Number of protein chains: 2
Amino acid sequence: MNKTLVIGANGQIGKQLIGQMALAKMPVKAMVRSAEQANDLEKLGAETIVADLEAALPDEAFSDCDKVVFTAGSGGKTGADKTILVDLWGAVKAVDMAKKHNIKQFVMVSARDAGDPENGTPAIKHYNICKHFADKHLLESGVPFTILRPGLLTNEAATGLITTRRPETKEAMSITRADVAACILQSLDHSETVNQVDEIYNGDTPISDAFIKAVTNRLG
Amino acid sequence: MNKTLVIGANGQIGKQLIGQMALAKMPVKAMVRSAEQANDLEKLGAETIVADLEAALPDEAFSDCDKVVFTAGSGGKTGADKTILVDLWGAVKAVDMAKKHNIKQFVMVSARDAGDPENGTPAIKHYNICKHFADKHLLESGVPFTILRPGLLTNEAATGLITTRRPETKEAMSITRADVAACILQSLDHSETVNQVDEIYNGDTPISDAFIKAVTNRLG
């Protein structure tokens, strides 16, 4: 046990997370769509399972894990039908399986405006609506959750510094994928992040302190 | 009062519903997107209000109504992003406004497989998922509901005969739009349909009896 299932392990955040977890010697099972993808992740030391998020999820993906990370996404290149099938319905199916298998923490990689799609970026409103209902399903599931809502994702190098407070300017509402991966790892490793919902942006607080501050905010 | 707001009044089902309500002398307010659409429906005797389901819904659409019909849909010609924005999010916003305005019955025109998208027609799974979450939002809202889940919609003439039991063959799982409109009218006119969820197909029971049978089924 104490193994974490990572759904979307071959994605841009997923790959970095697998790498960071391997370095930290955290047991991980990477769920990917194909044997080729599995091969790459196994080189990083991950156990892998091949499964299609658009089909029924196999029990054996969850049965020997106690945590789940959902960082899958259909991406911006496919149609919105895939956003519905993967980002929303895939997440809902993963939460249902997490409940069935008594998972102790489900870390959802969400989006900045998933809480309030009406006031988010108009061009991706349909995406934020899908993320909204995925988050809502998790929040109402009874499965212990950590919901991370990153701003605009960038490919810059990790900074190790974030903030959970929404910056004043749109320009500042970004975060590197490497730092998102580090926030996931921090969440998995610190039980005080359970039942938190946090926006995350690059900022000036070390990741190890940022969520403690969020807890203080939550309690007071 | 006793006025019904019809959202999606210019749609293929909506127009027939407005015509049937006008004949039955039921007070109706037709919500449409443009003044041109309003003009046509006013000829049928309907009061109209011009509003965009993708924007914020105006209070004055709901404030003097006690019932709401949601029969809007983005249709099959636009992208799935519009399915999310109209069929899902538009419905959610309408339900929220119905709650705010203490609406006494919300008739949702849903879809056959909205209850179980996983086992519906694969080609429109993304559509059924959107309808699923729209229905779920209504079911959990506290607003008195009638959810109608028609099979494949056809443009044949009204038959006046339906069934609420799922037929054994896919071919039989259809219903004319005219009969769907008549089912909506029947629902508005008969309070025993409140808090029912029914699939509807053309069948051999007069519409006036079909929902009573459903109530009997529900009660035991």
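Could you say whether any residue in the stretch A:101-116 is within 14 Å of chain B (Cβ to nearest Cβ) and in a helix (DSSP H, G or I)? No, the stretch A:101-116 contains no residue that is within 14 Å of chain B (Cβ to nearest Cβ) and in a helix (DSSP H, G or I). In the stretch A:51-73, of all residues being open to solvent by 30 Å² or more (accessible area, probe 1.4 Å) and under 19 Å from the mean Cα position of the chain (by Cα), the one that is nearest to A:Phe106 (Cα to Cα) corresponds to A:Lys67. Checking each residue in the stretch B:167-187 for being out of contact with any Gly (no Cβ under 6 Å at 6 or more places or on another chain) and touching a residue at least 40 places away in the same chain (Cβ under 8 Å) picks out B:Arg177, B:Ala178, B:Val180, B:Ala181, B:Ala182, B:Ile184, B:Leu185, B:Ser187. Evaluate the following for B:Asn102: is it under 17 Å from B:Cys65 (Cβ atoms) and surrounded by fewer than 20 Cβ atoms within 10 Å (Cβ to Cβ)? Yes: the conditions hold for B:Asn102.
Of the residues making up the stretch A:55-99, those that are of a type in the set (D, E, K, R), away from chain B (no Cβ under 11 Å) and free of Cβ contacts under 8 Å to residues at least 12 places away in the same chain are A:Glu60, A:Lys77. Within the stretch A:117-138, the set of residues being open to solvent by 30 Å² or more (accessible area, probe 1.4 Å) and either without any contact (Cβ under 8 Å) to a residue 24 or more places away in the chain or in a loop (DSSP other than H, G, I, E, B) (or both) comprises A:Glu118, A:Asn119, A:Thr121, A:Pro122, A:Ala123, A:Ile124, A:His132, A:Lys136. When the stretch B:176-191 is filtered for residues that are buried (at least 18 other Cβ atoms within 10 Å of the Cβ) and either among the small types (Gly, Ala, Ser) or more than 12 Å from B:Ile207 (Cα to Cα) (or both), the ones remaining, listed by number, are B:Thr176, B:Arg177, B:Ala178, B:Ala181, B:Ala182, B:Ser187, B:Leu188.
Residues of the stretch B:144-183 being in a loop (DSSP other than H, G, I, E, B) and under 15 Å from the mean Cα position of the chain (by Cα), which ones?
Matches in the stretch B:144-183: B:Pro144, B:Gly151.
The values are calculated or read from the model by the stated rules, or taken from the named source; none is laboratory data. Not measured: the values here are computed from a predicted model. No Cβ is skipped: glycine too gets one built from the backbone with ideal geometry, and neighbour counts run over all protein chains shown. All accessible areas refer to the heavy atoms of the entire protein, side chains included, with ligands and DNA or RNA removed. Shrake-Rupley method; radii C 1.70, N 1.55, O 1.52, S 1.80 Å.
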